[in-house]
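Q: Dropping the structure in here first, questions after.
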């Protein structure tokens with residue numbers, strides 16, 4: 001198994017100048033971008049993580065990670081964003097009521113503004129995963145972000161769809177966690193909580209239903225996300241170093257259950273919609289993010305594993321809808337043998353997935 005991989009390590013990227021760029025959102029949160037600059041480039045790539053994750057998913061040292069792959073294939077200036085839902089910040093563990101509209105209205109626009117300060121008018125491409133993809137779509141199609149040359153979206157876009165068991169969890173889970181368990185957040189580390197506490201009992205109950213492996217964090221992640229055994233990935237796609245209690249909890253952390261409330265509303269609507277149309281903080285955003293999709297000329301490549309147990313056929317449905325509205329603008333590629341997050345954290349992603357990303361970026365770059 002080798003040595004434990006350090007938490008928040010950047011050792012997976014070599015031969016690049018690394019700089020951290022803090023910035024603030026208009027609603028008062030401090031976030032950050034990390035730049036991996038191998039050399040100046042006319043085409044710049046921004047990587048966006050999903051909920052419960054962070055920029056760490058793109059720089060993993062246990063396999064040929066996406067940042068290193070982009071560097072080796074002509075995209076020499078890569079930035080990774082840590083949103084308010086990143087595990088590198090404490091915000092998910094605070095008792096709050098953040099929504100996906102907050103991320104769309106405040107996080108993405110502020111990040112792009114910070115990047116433009118350094119990049120000027122260079123072509124900017126975005127590769128986004130999970131809720132990072134959903135919220136970036138909301139910013140882009142909601143009109144608060146523009147000037148993006150292309151987007152690669154993994155697992156979900158503007159039409160979130162989930163398996164039946166996940167739909168039930170989204171409907172009842174937030175209420176049960178808040179009022180039944182008194183928990184405003186979930187953490188894959190609950191297994192190590194003191195015995196007989198609510199956190200420990202929840203983790204041990206989840207493990208009773210997941211006999212597919214002996215890693216408690218994996219069981220709780222399946223409870224938190226999706227509807228599979230396991231839910232987030234296919235076991236065989238992960239390196240041994242990745243599928244450990246310590247590494248999985250480094251890569252996937254605390255989630256604020258309030259995000260599930262908003263996601264549940266979208267799932268019931270069948271599309272990305274505003275959580276509270278009356279909230280003046282989000283007045284710049286549309287109530288329905290599909291209202292004006294024709295206006296956005298940015299091409300999107302939708303990716304999804306054919307074993308996606310988190311967002312099911314979300315990108316297939318979304319691509320079909322967009323194809324009806326703007327034929328030929330966007331693309332769809334289904335990844336054989338992959339699940340939800342293994343297209344990025346899988347040991348063979350550099351052979352099976354990353355070439356598709358680079359091909360799309362090159363076709364929409366200089």
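Q: Is region 34-43 home to any residue that is in the same structural domain as residue 136 (by TED's automatic domain parsing), farther than 20 Å from residue 356 by Cα, modelled with pLDDT under 95 and buried (at least 24 other Cβ atoms within 10 Å of the Cβ)?
A: no
Q: Follow-up. Sort through 238, 232, 183, 202 and tell me the only one that's more than 30 Å from residue 297 (Cβ to Cβ) and touching a strand residue (DSSP E or B) at 6+ places or on another chain (Cβ under 9 Å).
A: 202
Q: Among the numbered conditions (1) within 30 Å of residue 283 (Cβ to Cβ); (2) touching a strand residue (DSSP E or B) at 6+ places or on another chain (Cβ under 9 Å); (3) surrounded by fewer than 24 Cβ atoms within 10 Å (Cβ to Cβ), tell me where residue 74 comes up short.
A: It fails just one condition, (1).
Q: Could I ask something else about it? Report the residue count in region 109-132 for those that are under 30 Å from residue 338 (Cβ atoms) and touching a strand residue (DSSP E or B) at 6+ places or on another chain (Cβ under 8 Å).
A: Number of matching residues: 12.
Q: Listed residues 293, 257, 300, 273; which is touching a residue at least 60 places away in the same chain (Cβ under 8 Å), closer than 16 Å to residue 143 by Cα and within 21 Å of the chain's Cα centre (by Cα)?
A: Of the residues listed, the single one that is touching a residue at least 60 places away in the same chain (Cβ under 8 Å), closer than 16 Å to residue 143 by Cα and within 21 Å of the chain's Cα centre (by Cα) is 300.
Q: Could you identify the single residue in 155, 184, 149, 166 that is under 28 Å from residue 317 (Cβ atoms), surrounded by fewer than 20 Cβ atoms within 10 Å (Cβ to Cβ) and in contact (Cβ under 8 Å) with a residue 60 or more places away in the chain?
A: One residue alone meets the criteria, 149.
Yes/no per residue for (1) assigned by TED's automatic domain parsing to the domain that holds residue 171; (2) in contact with a helix residue (DSSP H, G or I) (Cβ under 8 Å, 6 or more places away or on another chain); (3) touching a residue at least 40 places away in the same chain (Cβ under 8 Å):
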| position | (1), (2), (3) |
| --- | --- |
| 219 | yes, yes, no |
| 227 | yes, yes, yes |
| 233 | yes, yes, yes |
| 243 | yes, yes, no |
| 247 | yes, no, yes |
| 250 | yes, yes, yes |
| 264 | no, yes, yes |
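Q: Kindly indicate whether residue 291 is assigned by TED's automatic domain parsing to the domain that holds residue 336, surrounded by fewer than 20 Cβ atoms within 10 Å (Cβ to Cβ), in contact with a helix residue (DSSP H, G or I) (Cβ under 8 Å, 6 or more places away or on another chain) and part of a loop (DSSP other than H, G, I, E, B).
A: no
Q: Would you point out the residue of region 28-48, among those that are part of a loop (DSSP other than H, G, I, E, B) and in contact (Cβ under 8 Å) with a residue 60 or more places away in the chain, that is farthest from residue 58 (Cα to Cα)?
A: Top of the filtered list is 29.
Q: Now for a different question. Out of all the residues in region 88-105, which are crowded, with 24+ Cβ neighbours inside 10 Å and modelled with pLDDT under 95?
A: Passing the criteria: only 92.
The values are calculated or read from the model by the stated rules, or taken from the named source; none is laboratory data. On a predicted model such as this, the values are computed, not experimentally measured, just so you know. Virtual Cβ from ideal backbone geometry, glycine too; neighbours counted across all protein chains shown.
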